[in-house]
Ligand code: PMP
């Protein structure tokens, strides 16, 4: 596949960065992941990003929070993404979907923690194949485990410094679970790469979108979908006991869309089956995709 790196489009195997890149040395950068779906329009296949304007707004916010000048405006980013999609579609015509990965670091400079006086951000964009979760996962649900959230206090920044998340993802994998649900001071925060939702008595709850979690692009969308489905949503702290006594637990992310978590730490969640709130939000998500992608 082809990668955009600092103004050039290169085969993946030829895309190289300096060992002094601050992304490599310090994890000093941010990223974004945008799902792209193939639809048929008047008999022609076209690939369209989903909620791209929200992803680009979050990228701009992440960059501003770590004080990297945004190397592109929205038009510039959209052009790069379109090109990445076109190249991916040419090279993988059979792919129904892809994920656009964008990474921006503070660039190359002599190794010192303080920001360099002059540096040019390193910009990388690539497309990777992706398949949304299988029908089996949606019908049976998936397993999650819990662990202490040991990350820093700026989880709202989509930072490439993902060591805490990486360790939590591995923790789940070693326990045959798909996700680790993290708890900080006895309250739910989020998964290693997803937002977590709790259902009790037909109501939908999520932790407030503050500095302790990444506000997923699906976070605001689910608020809208819940309202459309007549499901009451409330953002508020969720104590561990409420997580463990939930009727349903859901996870959401660009690549997982929405999945029901039916086992938590080897115990069934609620009835141990995907529930009605999952079904309503999943249907709403697919409708939202169809509506926006056709527009
Ligand atoms: N939290 C974390 C820590 C994540 O890595 C992700 C996935 N990017 C999310 C939440 C969900 O965000 P989104 O819906 O934008 O994929």
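Worth a mention:
- Hey, residue 241 farther than 30 Å from residue 98 by Cα and either away from the ligand (no atom under 13 Å from the Cβ) or crowded, with 16+ Cβ neighbours inside 10 Å (or both) or not: yes
- Residue tally, condition within 14 Å of the ligand (Cβ to nearest atom), under 19 Å from residue 86 (Cα atoms) and surrounded by fewer than 17 Cβ atoms within 10 Å (Cβ to Cβ), over the stretch 26-57: 1
- Counting only residues that are touching a helix residue (DSSP H, G or I) at 6+ places or on another chain (Cβ under 8 Å) and either at pLDDT 95 or above or under 20 Å from residue 120 (Cβ atoms) (or both), the stretch 61-105 holds 13 of them.
- In the stretch 80-103, the residues that are more than 18 Å from residue 255 (Cβ to Cβ) and in a loop (DSSP other than H, G, I, E, B): 93, 94
- Odd one out for residue 128, checked against (1) outside any strand (DSSP E or B); (2) touching a strand residue (DSSP E or B) at 6+ places or on another chain (Cβ under 7 Å); (3) modelled with pLDDT of 95 or more; (4) under 29 Å from residue 1 (Cβ atoms): (1)
- Looking across the stretch 244-280, the residues that are within 16 Å of the ligand (Cβ to nearest atom) and under 18 Å from residue 213 (Cβ atoms) come down to 249, 250, 251, 252, 253, 254, 255, 256, 258, 259, 261.
- The residues listed here are 281, 264, 250; of these, the one that is within 19 Å of residue 172 (Cα to Cα) and crowded, with 23+ Cβ neighbours inside 10 Å is 250.
- Residue within the stretch 40-48 that is under 30 Å from residue 213 (Cα atoms) and outside any strand (DSSP E or B) present: no
- Of the criteria (1) touching a residue at least 40 places away in the same chain (Cβ under 8 Å); (2) near the ligand (Cβ under 10 Å from one of its atoms); (3) closer than 24 Å to residue 27 by Cβ, which one residue 221 fails: (3)
To keep it simple, each residue is scored yes or no on (1) at pLDDT 95 or above; (2) within 13 Å of the ligand (Cβ to nearest atom); (3) in a helix (DSSP H, G or I); (4) under 17 Å from the mean Cα position of the chain (by Cα).
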{"residue": "138", "(1), (2), (3), (4)": "yes, no, yes, no"}
{"residue": "143", "(1), (2), (3), (4)": "yes, no, no, no"}
{"residue": "147", "(1), (2), (3), (4)": "yes, no, no, no"}
{"residue": "154", "(1), (2), (3), (4)": "yes, yes, no, yes"}
{"residue": "157", "(1), (2), (3), (4)": "yes, yes, no, yes"}
{"residue": "161", "(1), (2), (3), (4)": "yes, yes, no, yes"}
{"residue": "166", "(1), (2), (3), (4)": "yes, yes, yes, yes"}
{"residue": "169", "(1), (2), (3), (4)": "yes, yes, yes, yes"}
{"residue": "177", "(1), (2), (3), (4)": "yes, no, no, no"}
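- Where helices (runs of 4 or more DSSP H) sit wholly within the stretch 184-295, those with at least 3 residues that are under 30 Å from residue 42 (Cα atoms) occupy 217-228, 276-294.
The values are calculated or read from the model by the stated rules, or taken from the named source; none is laboratory data. Keep in mind the model is a prediction, meaning the values are calculated, not measured. Neighbour counts are summed over all protein chains in view; Cβ atoms, including those assigned to glycine, are modelled from backbone coordinates with ideal geometry.
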